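Coordinate-derived values only; no laboratory data. Because the structure is a prediction, the values reported are computed rather than measured. Ideal geometry is used to build each Cβ from the backbone, glycine not excepted, and the neighbour counts take in all protein chains shown.
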């Protein structure tokens, strides 16, 4: 399925310089995402065309115009072109080296710094914007929360986890506004006990469907949960459980830039209040990006990329990073335990079905001109919308994609 | 002893400022020992024994889930740090797996104590084994140490092993040695992690 649609690969800031690269997964395929000397971005299958060995064995690097396979020394440009075959004369005269170019993912495209790729020519020709549909506008809002175009986003490391569950168990959760009150009880209870009410996610307790928060199906399997009406009702920063070093940063920044400007920075350092799910593998959660990669049927890679921004006082980024460490330590582990428990339950042979009918057919759900459906925050609309897309892709699967 | 807890009852965290981060980066270098610790840099035998007792007690209390006593091994101005890179970089510029001041460390314990921390149901049993411990005298009245570790963890009836090295800095508060910084360097810090919601 990961060959049938646009898949997120990397952020442009990770390969900022010409001749830099990162090694990534596109579904289960190993790819090298490169920026060539002309600033063009390529996604190369990391498999030597000679004997199949892994050509690049580093996770990232720069000043790398060529990759040399360690086995027999075949060398490729970072455009994929086969540059040298040692002792080539043994293959006879007139050997066309081009037939040994590294296979490339044919469609690679960037949307405001986010690099996507697809093997599917039909989707590829229509372009990334057509695929993102209404998710593009939401991604713009997320970028705007982080300072817009004049404050470029960069990746500041990652927290990587294995989840013993099918990748869809993770994706199921990404737009689930129903679970926080229950799955995150430890976080909510601890926060209430130590810091009182009105903190962090406590707006998820009680009658959540009568809050102004909402969920949306954005088309093509993408979805959106908007926590901002509650989280940003007054100040998201004031709601945040205190991050390490918060007091020192507040004091320093207020002194440096004044109270008003400092407050704007603090809100920016707090999570964006959006859960934007770009099917099938890119989830925006707070100020982080979660990328899901299937490793096998029952094993997934869940990587949380940290983001910081250019052109702000350095303590703003320190505060962002300390904030981003919060949910992965206090919230996500309980979710992960539940994903793994779900996957275990789904192996029971006698029971085929799970339920995703919450708010199905809700009369008040509205659809706008671009096809975006809006429902209440605890609706299962996210799961219904993405499984529809998943089913479509699974049925169109063409195993001979690369040719 | 001065009570540094604020009116809400949790640890005051004003200490984690730029100077403290700078000191962490200094420690990051200091833990990279060249050869054997020279005799002149050895702490006194009494201090060394006290710090060794502290290191072993801290590991044992974490394993025995006596988390309130475990917290007590840390000074009021402490940092518990698990980098997400190997070697560790500057925590002001890159995300860590965990980076807690005393207040957030108390939050971590309180989360487990709620009884509804599902990542710890069933509870994860651990055993730390510490070895190759080297102690030396820091610039101020601190003692520093570095050790290799192996943690065997049991969750859902499956064992797994974590390993790496730990850098410590100890301070003496009112006659008692406490941990002021503990940096846990997992050898797979930049690789996929499992459920590490116990204390490393």
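Summary of values
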| item | result |
| --- | --- |
| Shape call, the stretch A:133-395: gyration tensor on alpha carbons, a/c limit 1.5 | prolate |
| Two-decimal Rg to Rh for the stretch B:63-200 - Kirkwood Rh, Cα set | 0.95 |
| Most mobile listed residue (A:276, A:295, A:225) in chain A, GNM with C-alpha springs under 10 Å | A:295 |
| Shielding by partners - mean other protein chain Cβ count within 10 Å, residues of B:191-198 | 6 |
| Cβ neighbours within 10 Å from other chains - mean over A:185-194 | 6 |
| Helical contribution to [θ] at 222 nm, DSSP H n ≥ 4, -39,500 (n - 2.57), averaged over chain A, rounded to 500 | -9000 deg cm²/dmol |
| Degrees between helix A:332-346 axis and first principal axis of chain A (Cα, 0 to 90, nearest 10) | 70 degrees |
| Whole-number D in µm²/s for the stretch A:198-267 (Stokes-Einstein; Kirkwood sum over Cα pairs; 4 °C, 1.567 mPa s) | 91 µm²/s |
| Angle between chain A longest axis and helix A:314-330 axis [Cα atoms, degrees, rounded to 10] | 80 degrees |
| Directionally averaged shadow of the stretch A:139-253, computed from the convex hull of its alpha-carbon atoms, nm² | 10.1 nm² |
| Cα long-axis angle, helix A:259-269 against chain A (0 to 90 degrees, to the nearest 10) | 60 degrees |
| Per principal axis, descending, Cα span of the stretch A:258-325 in whole Å | 53, 19, 18 |
| Among A:348, A:233, A:141: highest mean-square fluctuation, GNM of chain A, C-alpha pairs under 10 Å | A:348 |
| For chain B: relative contact order, % (alpha-carbon pairs under 8 angstrom, 6 or more apart) | 23 percent |
| Cα centroid of the stretch A:158-174 to Cα centroid of the stretch B:102-163, whole Å | 24 Å |
| Shielding by partners, peptide A:150-156 (average Cβ within 10 angstrom, other chains) | 1 |
| Length-normalised contact order of chain A in % [C-alpha pairs under 8 Å, at least 6 apart] | 19 percent |
| Three-way shape label, the stretch B:93-159, alpha-carbon gyration tensor, a/c 1.5 | oblate |
| Ranked by how many other beta carbons lie within 10 Å on average, peptides B:46-55, A:161-170 from highest | A:161-170, B:46-55 |
| Ratio of the Cα radius of gyration of the stretch A:69-188 to 2.2 N^0.38 Å, where N counts its residues | 1.65 |
| Whole-percent pair-distance distribution, where bins are 10 Å wide, for the alpha carbons of the stretch A:291-343 | 20, 40, 25, 13, 3 |
| Ellipticity estimate at 222 nm from DSSP helix runs (n ≥ 4, -39,500 (n - 2.57)) divided over chain B, nearest 500 | -7500 deg cm²/dmol |
| Whole-number D in µm²/s for the stretch B:22-100 (Stokes-Einstein; Kirkwood sum over Cα pairs; 25 °C, 0.890 mPa s) | 164 µm²/s |
| Candidates A:55, A:257, A:291: whichever shows maximal mean-square fluctuation once chain A is modelled as a Gaussian network with Cα springs under 10 Å | A:257 |
| For the stretch A:7-125, the spread of Cα positions along each principal axis, largest first, Å | 47, 33, 27 |
| Alpha carbon centroid spacing (whole Å) that separates the stretch A:183-262 from the stretch A:352-390 | 25 Å |
| Gyration tensor (Cα) of the protein assembly as shown, equivalent ellipsoid semi-axes in angstrom | 41, 33, 23 |
